[in-house]
Amino acid sequence: MSDEAIVKRLKVIVKEHGGQLALAGAIGVDQGFISKVINKKQDVSYYLIRKLCFQLKYSPEWLILGTGEKKINKPESAKLITEIQMMRTELDILHARMRAYELELKELKEQGIPGAQKAG
């Protein structure tokens, strides 16, 4: 998922809702949060995507991928967001495990453990 593409669609949503302040009020977030995301000072979060999809009925497929209908009321939207969140959590766990393995391997190399030199 490209944050840049999502930010473009977020700008469309901001315009449709009459500005950042109005959008922020509609979804219950701070206007500064919307501004930071649009100005790429903060990553697009699933928290924001979820609010836009559940509260304003934007299609997660359109918001994330740029395909399909812009707004839908189908229950699959909720399921898709939940699945995306679960996959993101799994990815975060895998990244944490990978980092732990990298640190462990580095430590083994520093200790001169046989076989650790070949692995890195």
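Of note:
- Residue, farthest from A22 (Cα to Cα), within the range 34-46, restricted to residues that are hydroxyl-bearing (S, T, Y) and surrounded by 15 or more Cβ atoms within 10 Å (Cβ to Cβ): Y46
- Counted residues, the range 17-28 - those being surrounded by 17 or more Cβ atoms within 10 Å (Cβ to Cβ) and hydrophobic (A, V, I, L, M, F, W, C): 3
- Test: Y47 is of a type in the set (F, W, Y) and without any contact (Cβ under 8 Å) to a residue 12 or more places away in the chain: yes
- Set side by side, the residues I13, I6, I49, I64 differ, and just one is over 14 Å from the mean Cα position of the chain (by Cα), surrounded by 15 or more Cβ atoms within 10 Å (Cβ to Cβ) and part of a helix (DSSP H, G or I), which is I13.
- Qualifying residue in the range 63-86 (condition: on the phi < 0 side of the Ramachandran plot, touching a Pro at 6+ places or on another chain (Cβ under 8 Å), of a type in the set (V, I, T) and modelled with pLDDT of 75 or more): yes
The values are calculated or read from the model by the stated rules, or taken from the named source; none is laboratory data. Since the structure is predicted, the reported quantities are computational estimates derived from the model, not experimental observations. When we count neighbours, we look across all protein chains shown, and the Cβ atoms used for this are built from the backbone with ideal geometry, even at glycine.
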